[in-house]
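Taking it in order: structure first as structure tokens, then the write-up.
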Amino acid sequence: MTTTFRFAPSPNGELHLGHAYSALLNASLARRRGGRFLLRIEDIDTIRCTPAFEAGIISDLEWLGLRWEEPVRRQSEHFDAYRAALKRLIDGGLVYAAFMSRGEVRAYIERTTGGETAWPRDPDGAPHYPPVDRSLSVGERRRRIEAGHPFAWRLDMASAVAAAGTGLSWCEFADETLGGSQETAADPAAWGDVVIGRRELPTSYHLSVVVDDALQAVTHVVRGRDLHAATSVHRLLQRLLGLPAPSYFHHRLVVDADGRKLSKSLGGTGLRALREGGATPSDIRAMVGIREAISPSALSRP
């Protein structure tokens, strides 16, 4: 099987040094292994993602010397694939329509716990969704949907974990050379009943990323440590949908002077600002700790 890596930014802001590190690392690994390097635009958020940001991303990556296989996969062009995967989960009784807003969730927790902090939270710090909607009758759920109530499709985590069976894990590489690996036990239950889709959008990050990785035959997912916990949900969805599981490496995060994870709102680390300030691609590689230059001819394929 051909080794395949991908870089998958969201065009809802400008790239920063952290993105540059991830893109350069994926491209470098693809070159070393004689594999494929793909660019995927994760633009399911059609409100915040814009063509202008996408154009900026492509310009920055080309400036860094990166090339990738064409065509670029844009998630906004493939909602049918995500809708089909969501339907499989619905038909299997593994998701349910959840109608509570974030404010209603907070109010429910306040009433239930008296404001205590013992309510379970997911790895990102958000409270687990209350079990109220899981107990709604089929008729009541249908009535609310037909009446136009806003809702999200949430994974019934207990049912999903039971359906997936035991031994859910993933292959995790130990370092940036991908020279050693170990099996990491997945813990999707830590996320509670995670959102898989919405009334107006038949997918979520979790669902679309596993569908895309399978359709694009991605063999190695190399991304930041901030997504390590999310891999548990992705392995669960891969098992439920019968999709192949890539190997994973969750690389270090590039942080600012105060040790904070970089964000698209921190303009001083943005590639465009650095570029306009006179930085060269070699400077960027040095800043993120990747010294080797990338030969475009070694990455691009006809």
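Each reported figure results from applying straightforward, stated rules to the coordinates on display, with no laboratory input. As the structure is a computational prediction, the values presented were derived from the model and not from experiment. Here the Cβ positions follow ideal geometry from the backbone for every residue, glycine too, while neighbour counts run over all protein chains shown.
Structure data summary
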read-out: Inter-label distance, nm, simple model (7 Å from Cα along the C-beta direction), residue 138/residue 2; value: 4.6
read-out: The chain - charge dipole about Cα centre, Lys and Arg +1 at Cβ, Asp and Glu -1, debye rounded to 20; value: 360
read-out: Angle in degrees between helix 102-113 and the longest Cα principal axis of the chain, rounded to the nearest 10; value: 60
read-out: Folded to 0 to 90 degrees: helix 230-241 orientation relative to the chain principal axis, Cα; value: 70
read-out: Local net charge near residue 59, Cβ-Cβ under 15 Å (Lys/Arg +1, Asp/Glu -1); value: -2
read-out: Estimated translational D of the stretch 75-198 in µm²/s (Stokes, Kirkwood radius over Cα pairs; 20 °C; 1.002 mPa s); value: 127
read-out: Ellipsoid semi-axes in whole angstrom, largest first, where each is sqrt(5λ) of the Cα gyration tensor of the stretch 131-275; value: 32, 22, 14
read-out: Alpha-carbon spread of the chain, three principal axes, descending order, Å; value: 60, 41, 34
read-out: Part-to-part distance (alpha-carbon centres) for the stretch 173-187 and the stretch 209-223, which is given in Å; value: 17
read-out: Local electrostatic count at residue 271 - Lys and Arg +1, Asp and Glu -1, tallied over other residues with Cβ under 10 Å; value: -1
read-out: Pair residue 185, residue 280: separation of 7 Å Cα→Cβ label points (nm); value: 5.1
read-out: Sorted largest first, extent of the stretch 11-91 alpha carbons per principal axis (Å); value: 44, 31, 22
read-out: Stretch gain in nm, segment residue 227-residue 108, where the contour uses 0.36 nm per residue and the Cα spacing is subtracted; value: 40.0 nm
read-out: Gap separating the Cα centres of the stretch 1-72 and the stretch 133-148, nearest whole Å; value: 41
read-out: Packing rank of 206-216, 171-181, 94-104, where each peptide gets the mean count of other beta carbons within 10 Å, highest leading; value: 206-216, 94-104, 171-181
read-out: Angle between the chain longest axis and helix 17-32 axis [Cα atoms, degrees, rounded to 10]; value: 70
read-out: Estimated inter-spin distance, residue 124 and residue 252, nm [label 7 Å along Cα→Cβ]; value: 2.6
